Structure formats: C-alpha cells, structure tokens
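Below: one structure, written as structure tokens.
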Amino acid sequence: MPASQRLRHRDFLAIPDFSVAELHALFDLADRMRTGRYTAKPLAGKTLAMIFMKASTRTRVSFEVGTYQLGGHALFLSPRDVQLGRGEPIADTARVLSRYVDGIMIRTFAHQDVEELARCAEVPVINGLTDLLHPCQVLADLLTVRQHLGGWDGKKVAWIGDGNNMANSWINAAYRLGFELVLACPEGYEPADHLLDRAREGGRVRLVRDPAEAASGAHVVNTDVWASMGQEEEQRKREHDFAGYTVDRAMMARAAQDAIFLHCLPAHRGEEVTSDVIDGAQSRVWDEAENRLHVQKAIMAALIGGEPLA
C-alpha cells in the first residue's frame with residue numbers, strides 16, 4: 001500500500017509513550033486477556049515482523065504466541081534473515097518491511113536504532129529490548145504488582161543491582177505513574193543520568209548505595225543478573241563490585257510483610273538472588289513471566305489491531 005494511503009500509527013519505544021490514562025486502560029485490557037474475558041481477534045489477517053539482533057526466550061515466545069492468539073501471524077527474523085546483519089541501512093529495512101507487514105517488534109542493542117526504525121517505518125514499532133530500555137518487561141512487572149498487591153499507589157518499589165535497561169524502565173514507569181522507587185546500585189553502575197534526572201523532579205525516585213536501605217519497607221523487591229547479555233567478560237569484576245547486593249532472606253525480611261519478589265529472568269541463583277527467595281513463597285517471577293504475554297498482547301491489540309485505550 002502506498003505510504004499516502006496508510007493510517008497514522010503509534011509506536012511503543014518507552015513507557016512514557018503512553019499517558020497515565022492509557023497505561024491504566026492497557027493494564028485493564030491485559031487483565032481481561034489474562035483472565036480469559038477477552039476473546040476478540042484484532043490481528044486477524046495481520047502480520048508482525050519480529051527482528052531479533054539479540055537472542056531471547058521469553059520475548060520471542062510471548063510475542064509469537066500472543067500474535068497467534070490475537071488471530072495474526074508472526075515472522076521471526078534473525079540477523080541471518082534480514083539485511084541489517086549485512087549492513088543494510090535501518091531506514092531501508094523499515095521502508096521495505098512497512099510494505100509487507102502490519103507491525104514490527106525489534107530486540108536489539110542500540111536504542112538509537114529502534115528510534116530510527118520507528119521514524120522511517122510506516123507501521124507501528126514495538127521496542128522488545130535495547131541496551132537502554134526494556135519497557136515491555138516492566139509493564140509485565142507492573143501488571144504483576146497490580147495482580148498481587150492491587151496496584152502501586154502508596155507502594156514502595158526497590159531495585160537492587162545494576163542500573164541497566166530494567167532499572168531505566170522502572171525509572172520511566174515511576175516518572176509516568178508517580179510511585180516511590182528506590183534504586184540501590186554500586187558506584188559505577190548507575191542508571192542513565194537523563195532518565196534519572198527527569199524522574200527525580202517528581203521527588204519519588206532516589207538512588208542509594210545501600211541495598212538494605214532500598215529494601216527497607218519495600219512492597220516490591222526487584223533485581224536482575226549482574227552481567228547482562230554482552231557483558232559476560234565482565235563477570236568476575238562484577239561479582240566483586242556487586243558484593244552485598246544479593247537479594248537473600250535477610251534482605252527480604254527488611255521489606256514489607258506482604259512484599260513480593262520480581263526478577264525478569266534468566267536468573268543466576270546464588271549471585272543476584274538466592275534460591276530460597278526466587279523459589280520461595282514471596283516470589284512472583286512465574287506470574288511475571290506469564291504477564292509478558294498478556295501485556296504485549298494488549299500493546300499489539302492497541303497499536304496494530306485498533307483496540308481503543310480510552
């Protein structure tokens with residue numbers, strides 16, 4: 001279809017791309033999907049291109065299954081399957097794919113690449129992960145908080161560990177939704193300055209060094225691996241730098257009585273979290289993993305399938 005005949009579209013690259021009202025509507029829609037109360041097929045006859053410059057288990061399976069459940073078809077495209085891996089400009093890939101598919105999900109390294117893809121594409125682009133942000137995962141985390149704690153208003157969220165793309169997306173979520181977020185990161189492993197500075201203006205986001213301070217009274221205790229994909233060569237140094245940042249039973253005991261533990265997975269038991277925590281009674285990581293499916297279905301239904309967020 002010629003570009004002049006295409007409808008204007010929206011992308012989802014970061015959590016603040018949605019307003020507060022739209023996020024609440026998105027969670028309502030995802031919850032209807034989670035509980036089986038939504039049976040529409042808004043992606044019938046539509047195709048999602050899934051570009052994976054980084055490997056994944058949860059992202060691939062949840063987007064592929066979600067597309068199918070909404071009536072559509074998903075195409076898995078690895079670096080071997082697209083010319084991006086052989087030097088084709090992002091803009092050219094965006095323009096070509098826009099003539100074939102109804103939406104694009106990309107999981108890659110540089111956030112700037114996703115922004116360029118979205119600028120040049122004529123169909124919705126969804127950020128499946130970049131080195132800067134992991135917005136779909138944090139929306140799934142928030143859906144889990146809502147599922148088990150009734151919401152985030154009046155709640156304290158603790159992030160303990162690396163100031164990585166997960167931490168950055170939690171900062172974006174706190175900036176948009178206004179809940180209290182305390183991040184405990186070792187020196188040299190802070191989140192992105194520009195995101196932290198923007199969120200601090202609301203006075204509800206703090207960066208500390210002591211993980212016990214972050215966990216104290218928290219309703220959600222959240223962590224991630226110390227060495228993310230592509231950082232494996234730093235593993236030994238990071239084990240030294242993150243000493244004392246393991247989420248164990250003693251740290252969870254500092255949290256609120258009804259606190260839940262979250263981890264985006266994969267997890268390294270004995271490093272960032274102990275087995276008795278991630279496999280214990282306060283862990284909600286399996287619901288969290290499942291909620292990737294529901295929240296991403298809601299995003300696709302809204303951006304690609306025309307489901308209103310009102």
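Every number here is computed from the coordinates shown, using simple stated rules; none is lab data. The model shown is predicted, which means the values in this text are computed figures rather than measured ones. Note: ideal-geometry Cβ built from the backbone for every residue, glycine included; neighbour counts use all protein chains shown.
Farthest toward the positive end of the dipole of segment 137-289, out of Ile260, Phe242, Ala289, is the Cα of Ile260, where the dipole comes from beta carbon charges about the Cα centre. Per-peptide packing, taken as the mean over residues of other Cβ atoms within 10 Å, places 159-168, 59-68 in the sequence 159-168, 59-68 from highest down.
Using 0.36 nm per residue and subtracting the Cα-Cα separation, the extra length available between Arg37 and Gln257 on full extension is 76.0 nm. Think of segment 58-161 as having a plus end and a minus end, set by charges on the Cβ of Lys, Arg, Asp and Glu; of Gln147, Leu132, Ala121, Gln147 sits farthest toward the positive end of this dipole. Peptides 143-155, 86-98, 209-221 ranked from most to least packed, by the mean per-residue count of other Cβ atoms within 10 Å: 209-221, 143-155, 86-98.
As a rough footprinting exposure proxy, the listed residues His194, His9, His263 were ranked by other beta carbons within 10 Å of their own, and the order from fewest upward is His194, His9, His263. Most tightly packed first, judged by the mean number of other beta-carbon atoms within 10 Å of their residues, the peptides 282-295, 38-51 read 282-295, 38-51.
Taking the charge dipole of the chain about its Cα centre, with +1 at Lys and Arg Cβ atoms and -1 at Asp and Glu Cβ atoms, the residue from Ser228, His24, Ala174 reaching farthest to the positive side is His24.
So how strong a dipole does segment 137-289 carry about its Cα centre when Lys and Arg Cβ are +1 and Asp and Glu Cβ are -1, to the nearest 20 debye? Please list the in-between numbers first.
Details: 16 positive and 25 negative charges, 105 e Å.
Here segment 137-289 has a charge dipole of around 500 debye.
Pairwise Cα separations in segment 24-77 fall into 5 Å bins from 0 onward with the following percentages, short to long: 5, 18, 23, 23, 19, 10, 2. Using the alpha-carbon atoms, what tilt in degrees (0 to 90, nearest 10) does helix 20-34 show relative to the longest principal axis of the chain? So the inclination is approximately 90 degrees.
Axis of helix 135-149 versus longest Cα principal axis of the chain: the two differ by about 60°, to the nearest ten degrees.
Within 10 Å of each residue's Cβ, count the other Cβ atoms and sort Ile126, Ile299 from fewest upward. Before the final figure, lay out the partial values.
Values: Ile126 24, Ile299 28.
Lowest to highest Cβ neighbour count: Ile126, Ile299.
Of the residues Glu234, Glu201, the one with the fewest other Cβ atoms within 10 Å heads the list, and the complete ranking is Glu201, Glu234. Quick one: grab the alpha carbon gyration tensor of the chain, order the square roots of its eigenvalues as a ≥ b ≥ c, and give me rounded if a/c is under 1.5, else prolate or oblate depending on whether a/b is larger than b/c. Prolate, because a/c is 1.5 or more and a/b exceeds b/c. Look at where the Cα atoms of segment 76-138 and of segment 143-213 average out, and the two centres are 27 Å apart. Multiplying the residue separation of Gln112 and Tyr189 by 0.36 nm and removing their Cα-Cα distance gives an extension gain of 25.6 nm. The long axis of helix 111-120 is offset from the longest Cα principal axis of the chain by roughly 20 degrees.
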